[in-house]
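Notes to accompany the following structure.
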Amino acid sequence: QVQLVESGGGLVQPGGSLRLSCAASGSIFIYTMAWYRQAPGKQRELVAAITSGGKINYADSVKGRFTISRDNAKNTLYLQMNSLNPEDTAVYYCKAVVSTIQNFWGQGTQVTVSS
């Protein structure tokens, strides 16, 4: 089993920044970690993903503003979010992929961008 504990969400004004963290525990090797988000009335979408080897992809909506990183030694995933706008308001979820058929999700953390 893998447990994912997220932190760093909160309220920020437009143009501000936040850094999300996702700490993973468990002995199963995690091939890929990713951030997803789900805004009210919208479907859950992939924000960014990073493999154990460091390959990264971003959603077009966040490219150039968000940075995903992974500290394998600490089993921790990060998402640095800059130039936030109200459209970034959502619950952000951490996902760990351990096989082609099994993954684990964090509890989610609320990010609200509002003046």
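The values are calculated or read from the model by the stated rules, or taken from the named source; none is laboratory data. Everything numeric here is computed off the predicted structure, so don't read it as measured data. Counting neighbours? That spans all protein chains shown, and the Cβs are built from the backbone with ideal geometry, glycine included. Areas reflect the complete protein model, heavy atoms only, side chains present, ligands, DNA and RNA absent. Shrake-Rupley method; radii C 1.70, N 1.55, O 1.52, S 1.80 Å.
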(request) Report, to the nearest whole %, how much of the accessible area of the chain belongs to carbon and sulfur atoms, 1.4 Å probe, protein only. (result) 49
(message) For the chain, what are Rg and Dmax over the alpha carbons, in angstrom?
(response) 13.5, 42
(message) Through the Karplus equation 6.51 cos²θ - 1.76 cosθ + 1.60, θ set to phi - 60°, convert the phi angles of the stretch 4-11 into ³J(HN,Hα) values in whole Hz; use x for Gly and Pro.
(response) 10, 10, 9, 7, x, x, x, 9
(message) Taking the Cα centre as origin and putting +1 on Lys and Arg beta-carbons and -1 on Asp and Glu beta-carbons, what dipole magnitude results for the stretch 31-93, to the nearest 20 debye?
(response) 140
(message) Report the Cα centroid-to-centroid distance between the stretch 1-44 and the stretch 85-108 in angstrom, as an integer.
(response) 6
(request) Could you run the Debye sum over the Cα atoms of the stretch 38-79, one equal point scatterer each and no solvent, and tell me log10 of I(q)/I(0) at q = 0.17, 0.18, 0.32 Å⁻¹, two decimals? (result) -0.53, -0.58, -1.13
(request) Would you kindly find the accessible area of Phe29, with a 1.4 Å probe and non-protein molecules such as ligands, DNA and RNA excluded, rounding to the nearest 10 Å²? (result) 120
(request) Order these peptides, 88-95, 5-12, 57-64, by their mean beta-carbon neighbour count within 10 angstrom, highest first. (result) 88-95, 5-12, 57-64
(message) Under a crude label model (7 Å from the Cα following the beta-carbon direction), how far is Lys55 from Gln80 in nanometres?
(response) 2.4
(request) Give the residues of the stretch 91-112 whose amide nitrogen is closer than 20 Å to a point set 7 Å from the Cα of Leu11 in the direction of its Cβ. (result) 91-92, 109-112
(message) Explain nothing, just compute: Karplus ³J(HN,Hα) = 6.51 cos²θ - 1.76 cosθ + 1.60, θ = phi - 60°, for every residue of the stretch 32-39 in order, whole Hz, x for Gly and Pro.
(response) 9, 10, 8, 10, 10, 8, 9, 8
(message) Given contacts defined as C-alpha pairs under 8 Å and at least six residues apart, what's the relative contact order of the stretch 29-97, whole-number percent?
(response) 39
(request) At a 1.4 Å probe radius, which order do Arg70, Arg19 fall into by accessible area, largest first? (result) Arg19, Arg70
(request) Enumerate the amide H contacts of Thr89 below 5 Å, restricted to partners 5 or more residues apart or on another chain; note that Pro and chain-start residues carry no placed amide H. (result) Val113
